[in-house]
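Structure first, then comments.
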Amino acid sequence: MNKSTNQNLYRLFQSRFPKDIDNIFLEHARGTLSFADLELTSGRYAAVLKSSGVTKGDRVVVQVSKSPEAVLLYLACLRVGAVYIPLNTAYTLAEVSYFIDDAKPRLIVCKPAMQEQFSSAFASRGAAVVLTMAGDGTGSFSDRALTLEADPAVIHSAENDLAAILYTSGTTGRSKGAMLTHGNLSSNALVLHEYWGWEPDDVLLHALPIFHVHGLFVALHCALLNASKVVFHTKFEADQIVKALPHVTVFMGVPTFYTRLLETPEFDLQTCQNIRLFISGSAPLLTESFTAFENLTGHKILERYGMTEAGMITSNPYEGERIAGSVGFALPGVTARVADQNGAERPHGEVGILEITGANVFAGYWQMPEKTAEEFRADGYFITGDMAVMDETGRIEIVGRAKDLVISGGFNVYPKEVETIIDEIPEVTESAVIGVPHPDFGEAVTAVIVANEGNTLGADNVRAYLERKLANFKQPKRIIIVSKLPRNAMGKVQKKALREQYAGIFS
Ligand code: MLC
Ligand code: AMP
C-alpha cells in the first residue's frame, strides 16, 4: 500500500458511501439519518472537537448513552485523528476515574446527569473540557455543533496511527488500554465484509452496545463498508427485535440475545423470512442454542470469535459448514497456532493456548510496555489466553480460558477486580469470585466469601458496599458466605472445586 495515501478509517468509509448520498444510513426511534447527514454532522462534530482543543493523537473519553449522535461522535474523532475511548455506561465514577487518570484525555463527553460530578472530579486532573451528550443527542456538545460550520477535512493518518483505545480488565485487576490503529480496524473490517458475503441490499439490525468491539467495530464497520442501512435500536429488547427482524437481512448478537429470542413466543420462522445471516460472538454459543435456533428457524447461526486486542480472529465459514461449538477458521490474514506454555506449537487435536498474528492485532497496551511484552512471543505472536484445539483442517474450537475471566451476557468480568473490592470490606477475611453457568447470561458472577471470626457479615452488607464501587454487570448475582475456601497443597484457592460445587445454583 502506498504510504503517502491517507489510511484514515473514515476515508475508507467515505470511499464506500452510496452513489446516492441521500440513502438512509441509520433508521432510529427519532427518525432517519442519511449518508449526507453523516458526512455533514460528523464534520460539525469534528469542528467541535477542534474548537475544544483536540488535535491528532489526543484522547477523547466518551461515556454516553447509545444514540445516532454517539456514532457520529466516534466518526468525528476518526476524522480529526483523535483517539476514541468509549466507556461502558454502567461504570461508576470510581471506575471512570481510573480511566481518566490513565488516558489523560483532552476532552470528556458524558451524560448530562454526570456533568457536575465529572467536572469537579476531573478538573484537577488536567482534562481540559467536559461536554455532555444525552440519549436524544442534546447537550452541550451538540449545542456547540450548531454554532459551527462543518469541517470537511479528514486528517491524514498512517496505518499505525491510533484510532481508539478500548479498556479491558486484567487478571491482575488493573484495566489495560488496548491501542487499536487505523490499520487494525480497516484490515479487520475489510476482511469481515468480504468473508461474510455482504450483499448490496443488506440491512443490519443493530442492538448491541457501542462501547465494545462487537457493536462499535464489527457491526458498524461492516455496514459502513457496505453502505447499508442500519436499523438502530438503543438496547436489546427481545419483543422489539422480533418486530424489527422481518425488515432486515443481517443480525449480530451475543449468545444471550439468541437465548432470549428463543424464549419469546412471537419469535418464529416468519420472523426470519428475510434474514440472510445471524452472527453470534463475544462468548460461547451453547450447542443447545445453536440446535434449537436451527430447528425453529432453519438458520445455522454463524459463530465467530474475537477479542478487544485483535478484533475478529476466527469465523465459521459463510459458504461452508457452520458447526456448533466451533468458532471456525482463522480469518484471511490471521495466522493462528495452538501452543504450549512456552509458545511451542501443539499437535492437531491437542489443547493449548491460542496464539495469533495478523494486521488485526493491536499495537500494545497504553503506557504498559512491560505488560505488552509479556503477552507477545518473541516471534510476534499474541497470546490470547484462550484454550483451544485445532484440527488438521485448521478448524478451531475454544475449550476454555487460561485467564481467570467470567463472561456474563457478553461482558467480561475479571474476578480479581471484584475480589479486591470485596476484600476491602473490614469484616471480610477473604473471597473467591467465580463464574457459574447461568441460563440467561451464560455465566453469572458469584462471590464466595469468608467473614472474620465471630462476625455477622451478610450478603446485603456486601451488596451495599459493591454498589458504589462496581458497574452493575460486575456485581455478584449470588453471594455465598462460607467458613473456609478449598485450597490445594500449595495453599492456592481451588476455584475449579468451587465452580463444581456451585455449578447448579442457577439452574
Ligand atoms: C445487564 N445486567 C447484567 C448484564 N447486563 N448482569 C450481568 N451480565 C450482563 N451482561 C444486569 C443489570 O446490572 C441489571 O441488574 C439487570 O441486569 C437489568 O439491566 P438491563 O440493562 O435492563 O439489562 P439488559 O438490557 O437485559 O442487558 C442484558 C444484555 C446486555 C445481554 C442485553 O448485557 C448486553 O447488551 N450485552 C452485550 C454485551 C456486548 O456487547 N459484548 C461485546 C463485547 S466485545 P439489576 O440487579 O440492577 O436489576 C467482545 C469481543 C467479541 O467480547 O468477540 O465480540
Ligand atoms: P473482550 O476482552 O471483551 O474482547 O472479550 C474477548 C474474549 O471473549 C475472548 O478472549 C474469549 O474468551 C471470549 N470470546 C469471544 N468470542 C467467543 C466465542 N465465539 N466463543 C468463546 N469465547 C469467545
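Quickly run through the range 69-99 and pick out the residues that are over 29 Å from T32 (Cβ atoms), of a type in the set (V, I, T) and surrounded by fewer than 22 Cβ atoms within 10 Å (Cβ to Cβ).
Selection gives T92 alone.
Which is within 16 Å of ligand 1 (Cβ to nearest atom) and part of a strand (DSSP E or B), of V448, V389, V433, V418?
Of V448, V389, V433, V418, the one residue that is within 16 Å of ligand 1 (Cβ to nearest atom) and part of a strand (DSSP E or B) is V433.
Regarding the range 339-350, can at least one residue be identified that is at pLDDT 95 or above, open to solvent by 20 Å² or more (accessible area, probe 1.4 Å) and within 16 Å of ligand 2 (Cβ to nearest atom)?
No, the range 339-350 has no match at all.
Going through the range 181-208 one residue at a time, which ones are closer than 18 Å to L26 by Cα and in contact with a Phe, Trp or Tyr (Cβ under 9 Å, 6 or more places away or on another chain)?
Matches in the range 181-208: L204, L205, H206, A207, L208.
Under the condition of being farther than 22 Å from L405 by Cβ and crowded, with 21+ Cβ neighbours inside 10 Å, which residue from the range 243-256 is nearest to the chain's Cα centre (by Cα)?
Top of the filtered list is F251.
How many of the residues making up the range 314-338 are in a loop (DSSP other than H, G, I, E, B), crowded, with 16+ Cβ neighbours inside 10 Å and more than 22 Å from the chain's Cα centre (by Cα)?
So the answer is 4.
So E392 passes all but one of these: (1) at pLDDT below 95; (2) under 29 Å from P347 (Cα atoms); (3) more than 13 Å from ligand 2 (Cβ to nearest atom). Which condition number does it fail?
Unmet for E392, out of (1) at pLDDT below 95; (2) under 29 Å from P347 (Cα atoms); (3) more than 13 Å from ligand 2 (Cβ to nearest atom): (1).
Counting only residues that are at pLDDT 95 or above and within 14 Å of ligand 2 (Cβ to nearest atom), give me the helices (runs of 4 or more DSSP H) lying completely in the range 190-306 with at least 2 of them.
Output list reads 255-262, 287-297.
Name, by its number, the condition in (1) at pLDDT 95 or above; (2) open to solvent by 40 Å² or more (accessible area, probe 1.4 Å); (3) in contact with a strand residue (DSSP E or B) (Cβ under 9 Å, 6 or more places away or on another chain) that does not hold for E453.
(1)
Among the numbered conditions (1) farther than 24 Å from A444 by Cβ; (2) within 25 Å of the chain's Cα centre (by Cα), tell me where T297 comes up short.
Here T297 meets the rest and fails (2).
Scan the range 25-38 for residues that are out of contact with any Phe, Trp or Tyr (no Cβ under 7 Å at 6 or more places or on another chain) and open to solvent by less than 50 Å² (accessible area, probe 1.4 Å) and report the count.
2
When D22 is evaluated against the numbered criteria (1) part of a loop (DSSP other than H, G, I, E, B); (2) open to solvent by 10 Å² or more (accessible area, probe 1.4 Å); (3) more than 26 Å from D202 (Cα to Cα), which criterion, by number, is the only one it fails?
It fails just one condition, (3).
Just give me the residues in the range 201-231 being open to solvent by 10 Å² or more (accessible area, probe 1.4 Å), more than 11 Å from ligand 1 (Cβ to nearest atom) and touching a residue at least 60 places away in the same chain (Cβ under 8 Å), in sequence order.
Across the range 201-231, the qualifying residues are N226, A227, K229, V231.
Could you check the range 358-374 and list, in sequence order, the residues that are within 17 Å of T308 (Cβ to Cβ) and not in a loop (DSSP other than H, G, I, E, B)?
Those that are within 17 Å of T308 (Cβ to Cβ) and not in a loop (DSSP other than H, G, I, E, B): G358, Y365, K371, T372, E374.
Only one residue in R11, R44 is in a helix (DSSP H, G or I) and open to solvent by 80 Å² or more (accessible area, probe 1.4 Å), so which one is that?
Going through R11, R44 in turn, the sole match is R11.
Only one residue in K66, K56 is open to solvent by 10 Å² or more (accessible area, probe 1.4 Å), assigned to a loop (DSSP other than H, G, I, E, B), under 16 Å from F211 (Cα atoms) and in the same structural domain as R144 (by TED's automatic domain parsing). Which one?
K66
Looking at (1) in contact (Cβ under 8 Å) with a residue 12 or more places away in the chain; (2) open to solvent by 20 Å² or more (accessible area, probe 1.4 Å), can you tell me which one G177 breaks?
(2)
Residues of the range 257-298 being among the basic types (K, R) and open to solvent by 60 Å² or more (accessible area, probe 1.4 Å), which ones?
R260
Looking at the range 385-406, which of its residues are among the β-branched types (V, I, T) and open to solvent by 20 Å² or more (accessible area, probe 1.4 Å)?
Hits for the range 385-406 are V389, T393, I398, V399.
Is it the case that G442 is at positive phi and open to solvent by 40 Å² or more (accessible area, probe 1.4 Å)?
yes
Against the condition free of Cβ contacts under 8 Å to residues at least 12 places away in the same chain, over 24 Å from Q273 (Cα atoms) and more than 13 Å from ligand 1 (Cβ to nearest atom), how does P347 come out, does it pass?
For P347, the condition - free of Cβ contacts under 8 Å to residues at least 12 places away in the same chain, over 24 Å from Q273 (Cα atoms) and more than 13 Å from ligand 1 (Cβ to nearest atom) - is met.
Does I480 qualify as being β-branched (V, I, T), at pLDDT 95 or above and touching a Phe, Trp or Tyr at 6+ places or on another chain (Cβ under 8 Å)?
The answer is yes for I480.
Residue check: is E374 touching a His at 6+ places or on another chain (Cβ under 9 Å), within 19 Å of D340 (Cβ to Cβ) and away from ligand 2 (no atom under 15 Å from the Cβ)?
The answer is no for E374.
Name the pairs: first residue in the range 289-310 and farther than 30 Å from A178 by Cα and more than 16 Å from ligand 1 (Cβ to nearest atom), second residue part of a strand (DSSP E or B) and modelled with pLDDT of 95 or more, Cβ to Cβ under 7 Å, at least 6 apart or on different chains?
Pairs found: H299/F278.
Is there any pair linking a residue in the range 461-482 that is open to solvent by 30 Å² or more (accessible area, probe 1.4 Å) to one that is of a type in the set (S, T, Y), with Cβ under 6 Å and at least six apart or on different chains, and which?
Hits for this filter: R478/T446.
The values are calculated or read from the model by the stated rules, or taken from the named source; none is laboratory data. Quick caveat, the model's predicted, so the values are computed rather than measured. Reconstructed Cβ throughout: ideal geometry from the backbone, glycine too, with neighbour counts over all protein chains shown. Each accessible area value is taken on the protein alone, full model and side chains, heavy atoms only, with ligands, DNA and RNA left out. Shrake-Rupley method; radii C 1.70, N 1.55, O 1.52, S 1.80 Å.
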